[in-house]
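Structure first, commentary second.
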């Protein structure tokens, strides 16, 4: 019972750490886990652990420290552009689909992956083994679903096939409603969404656009702007 309460407490505090910056924003940073540039995931883990440390029960319970958790959720970029890191955002460490979920289409694996790593954490703690990676990665995929552009889109192969076949129209359930793609002060282009065709949303999903996520940028590198934008609409592979 104590272990279950601890896990529920961690998830509750994690949710608070995710939502608090949204309620009282002070700085605008790109979402990510890149040290020195976009350390959002490290911030969430650190704040969650700070809050948990105030719980008397938690103080006497062995649990990975904030340093141990952030040590499993980071990417570093060198001066020459090389990348390294132990987190799920590091190239090759996880599939893009693990970070995304479009509830309108039921696409993406973020809910399942988050649950999988939290179950792994519980099992490891029951065996008194190291649960830092499972905890950090489960928290990472859970936090990703609080970002609008992680909850919209279609699989890259589906978007690409539609473009190649000339069926380049997308519905709102595919690309998301305007308020998720545009700021509250910037109106969508005239006619955008007319006839349930949201294809004009594609140009904002390019390497020079507003998306500040390394997964999307990796998918966008294409010599053809429109094709690159289509591929980036939903890197859920």
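The values are calculated or read from the model by the stated rules, or taken from the named source; none is laboratory data. Small disclaimer: the values here were computed from a predicted structure and weren't measured. All Cβ positions, glycine included, derive from the backbone under ideal geometry; neighbour counts span all protein chains shown.
Tabulated data
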read-out: Inter-residue pairs, beta-carbon under 7 Å, first farther than 17 Å from residue 99 by Cβ and in region 31-42, second at pLDDT 90 or above and assigned to a loop (DSSP other than H, G, I, E, B), 6+ apart; value: 35/74
read-out: Residue within region 53-64 that is buried (at least 17 other Cβ atoms within 10 Å of the Cβ), over 22 Å from residue 110 (Cβ atoms) and modelled with pLDDT under 95 present; value: yes
read-out: Some residue of region 158-170 being within 30 Å of residue 45 (Cα to Cα), at pLDDT 70 or above and assigned to a helix (DSSP H, G or I); value: no
read-out: Evaluation of residue 111 against (1) outside any helix (DSSP H, G or I); (2) under 23 Å from residue 173 (Cα atoms) (one fails), failing number; value: (1)
read-out: Scan of region 87-108 for residues that are touching a residue at least 60 places away in the same chain (Cβ under 8 Å), closer than 20 Å to residue 174 by Cβ and either in contact with a helix residue (DSSP H, G or I) (Cβ under 7 Å, 6 or more places away or on another chain) or part of a helix (DSSP H, G or I) (or both), ordered by number; value: 96, 97, 99, 100, 104, 105, 108
read-out: Residue that is under 15 Å from residue 144 (Cβ atoms) and at pLDDT 65 or above, where the choices are 38, 86; value: 38
read-out: Qualifying residue in region 69-86 (condition: in contact (Cβ under 8 Å) with a residue 12 or more places away in the chain, part of a loop (DSSP other than H, G, I, E, B) and under 15 Å from the mean Cα position of the chain (by Cα)); value: yes
